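Q: Shown below is the structure under consideration.
The values are calculated or read from the model by the stated rules, or taken from the named source; none is laboratory data. In this text, all values refer to a predicted model and were calculated from it rather than measured experimentally. So basically every Cβ, Gly included, is an ideal-geometry build from the backbone, and we count neighbours across all protein chains shown. Ligands, DNA and RNA are stripped out before the accessible areas are found, and what is left, the full protein with its side chains, is counted by its heavy atoms. Shrake-Rupley method; radii C 1.70, N 1.55, O 1.52, S 1.80 Å.
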Amino acid sequence: MLLCAVVAAGVTGLAQAKTELLVYTAVEADELAAFKKAIETDYPDLDIQWVRDSTGIITAKLLAEKANPKADVVWGLAATSLKLLADEGYFQPYAPKGVDKLDPTYVDSAKPPVWVGQRAWIASLCFNTVEAEKLKLPKPTSWQDLTQPAFKGHVIMPNPNSSGTGFLDVSAWLQMWGEDKGWKFMDGLHENIAQYTHSGSKPCKMAAAGEVPVGISFAYRGAQEKTKGAPVEVIAPSEGVGWDLEAFAITKNTKKLDAAKKLADWSVTLKANEMYNEGYAVVAMPGVAKPVPNFPPDIAKKMIKNDFQWAAKHREAILAEWSKRYDSKSEPKK
């Protein structure tokens, strides 16, 4: 009996040794269970607790908590958001073990880095061919095609204030064409928009379900919906596509720094990058990425030269201008 009691006490002690990490993320909800399992398999002493929402909402939550950050780690959030938060002194620098194996393009240039990239998510169109045929809509191959009168009321895109996908679209259009032409394009696009959603994946899900012919979304969600059998084409518009990095950083003053560093170390491993590649075609570790089913085959070549510093610096002004012009068509917030 005594031996049993000792063993039981030991098991209880092991269970109590787990460190709970509060991790804020914008990674797609259908991926988080697999990531949690993989992380905790390699680090059994970690207990990952996700707080998940769209990029804009997570970013706003982090800014609201700036005086007293609640998250231990921010993981899988847009690099533009992390740059904005880093400028507010939100994070503590850390060089994860093996970070030197990543493409330096995807890692903060500070030594040690404040944030580290994981994978790129890339803008695309989800085009429902069945609904388009019913409406006699042509297949769009460019962003400008979406301003044609035929598409009036048949396009949905994410609100950039709520969605990182929406922001990377707006940022890309302004970077590609300059402010005058970029806002002029968005004025024309707005005429054809049925609604702005508060989720980056929702426009593609709606297109896949036949609720709308065209959803401005991102390639991961389009590929997922097509793989599940939806009658959608995933299109990378000819002018170029916006993108952002999912990236991570450790918050300042976390009381669980050792555990946070373990998550950071895991996040740059080959195993992690192979998992990132299961749904995303561009990852931070060179030589890892294999083609992802139903991604546009030429999409990596169409990724714009993205100035993350510019996007982060002008984020608030861009969002304010966008809201002033277009927010009247946004779906109600829950």
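Q: Of all beta bridges DSSP finds with both residues in the chain, what is the antiparallel percent, to the nearest 5? Can you show the working numbers first?
A: Numbers: 25 of 42 bridges.
Expressed as a percentage, antiparallel bridges in the chain total about 60.
Q: Quick one: length gained pulling ASP298 to ALA209 fully straight, 0.36 nm per residue minus the C-alpha distance?
A: Numbers: separation 89, 0.36 × 89 = 32.04 nm, distance 2.55 nm.
Contour length minus the Cα-Cα distance gives 29.5 nm.
Q: Which shape class applies to region 118-188: rounded if a/c is under 1.5, otherwise prolate when a/b exceeds b/c and oblate if not, where a ≥ b ≥ c are the square roots of the Cα gyration tensor eigenvalues?
A: Details: a/c = 2.15, a/b = 1.41, b/c = 1.52.
Taking the square roots of the gyration eigenvalues as a ≥ b ≥ c, region 118-188 is oblate.
Q: Could you compute the net charge surrounding ASN253? Neighbours are other residues with a C-beta less than 12 Å from the C-beta of ASN253; K and R count +1, D and E count -1.
A: For residues surrounding ASN253, the net value is +3.
Q: Within region 154-169, find all residues whose amide N lies under 15 Å from a label point positioned 7 Å from the Cα of GLN195 along Cα-to-beta-carbon.
A: Hits in region 154-169 for GLN195 at 15 Å: 154-159.
Q: For LYS305, give me every one of the lysines with a C-alpha distance below 20 angstrom, ignoring sequence neighbours fewer than eight places off in its own chain.
A: The qualifying lysines are LYS83, LYS181, LYS313.
Q: Computing the accessible area with a 1.4 Å probe over protein heavy atoms, can you report the carbon and sulfur percentage for the chain? Let's see the in-between values first.
A: On the way: 8100 of 14770 Å².
The value for the chain is 55 percent carbon and sulfur by accessible area.
Q: Given only helices, namely DSSP H runs of n ≥ 4 each adding -39500 (n - 2.57), what is the per-residue ellipticity at 222 nm of the chain, to the nearest 500 deg cm²/dmol? Don't skip to the end; give the middle numbers.
A: Working: 11 runs with 137 residues, N = 334.
The per-residue figure over the chain is -13000 deg cm²/dmol.
Q: Rounded to the nearest 20 Debye, what is the dipole magnitude of the chain about its Cα centre when Lys and Arg each give +1 and Asp and Glu each give -1 at the C-beta?
A: Numbers: 40 positive and 40 negative charges, 36 e Å.
Dipole about the Cα centre, nearest 20: 180 debye.
Q: Please give the net charge around PRO149, taking every other residue with its beta carbon less than 15 angstrom from that of PRO149, where Lys and Arg add +1 and Asp and Glu add -1.
A: Taking every Cβ under 15 Å from that of PRO149, the sum is -1.
Q: Okay, next question. Enter the accessible area of VAL107 (Å², nearest 10), with the probe set to 1.4 Å and all protein chains included.
A: 20 Å²
Q: Region 211-252 to region 255-331: how many Å between their Cα centroids?
A: A separation of 11 Å, based on Cα centres.
Q: Here is a further query. Sorted by mean Cβ packing within 10 Å, highest first, what order do the peptides 112-118, 252-258, 317-323 take? Working shown, then result.
A: Details: 112-118: 22.7, 252-258: 13.1, 317-323: 15.6.
Top to bottom by mean Cβ count within 10 Å: 112-118, 317-323, 252-258.
Q: Given labels modelled 7 Å from the Cα in the Cβ direction, how far is it in nm from GLU179 to GLU88?
A: 2.4 nm
Q: Computed FRET efficiency, Cβ-Cβ of ALA317 and LYS111, R0 30 Å: what is it to the nearest 0.05? Present the calculation step by step, with values, prior to reporting the outcome.
A: Details: r = 30 Å, r/R0 = 1.00.
It comes out at approximately 0.50.
Q: Setting aside same-chain residues fewer than 8 positions from LYS261, which aspartates and glutamates have a Cα under 12 Å from its Cα?
A: Reachable aspartates and glutamates: ASP72.
Q: Near THR80, within a Cβ-to-Cβ distance under 13 Å, what is the net charge of the other residues, with Lys and Arg +1 and Asp and Glu -1?
A: Values: positive: LYS83, LYS313, ARG315; negative: ASP87, ASP108, ASP169, ASP244, GLU246, ASP307, GLU316.
With Lys, Arg at +1 and Asp, Glu at -1, the neighbours total -4.
Q: Write down the accessible area per residue of the chain in Å², having rolled a 1.4 Å probe over the full set of protein chains.
A: Numbers: 14770 Å² over 334 residues.
Averaged over the residues of the chain, the accessible area is 44 Å².
Q: Where both partners of a DSSP beta bridge lie in region 102-252, what percent of those bridges are antiparallel, to the nearest 5?
A: Roughly 75 percent of the beta bridges in region 102-252 run antiparallel, per DSSP.
Q: Please report the spacing between the Cα centers of region 154-207 and region 97-138 in Å, no decimals.
A: Computed from Cα coordinates, the inter-centre distance equals 16 Å.
Q: Under a point spin-label approximation (7 Å from Cα along Cα-to-Cβ), what is the ASP187-ASP327 distance to one decimal in nm?
A: Placing both labels 7 Å beyond Cα along the Cβ direction yields 2.1 nm.
Q: Report the FRET efficiency, 1/(1 + (r/R0)^6), for ASN253 and LYS334, where r is their Cβ-Cβ distance and R0 is 22 Å, rounded to 0.05. Working shown, then result.
A: Details: r = 31 Å, r/R0 = 1.42.
Result of the calculation: an efficiency of 0.10.
Q: When the dipole is taken about the Cα centre of region 9-105, and only Lys, Arg (+1) and Asp, Glu (-1) are charged at their Cβ, what size is it in debye, to the nearest 20? The partial results should precede the final answer.
A: Values: 10 positive and 15 negative charges, 27 e Å.
With only Lys, Arg, Asp and Glu charged at Cβ, the dipole is about 140 debye.
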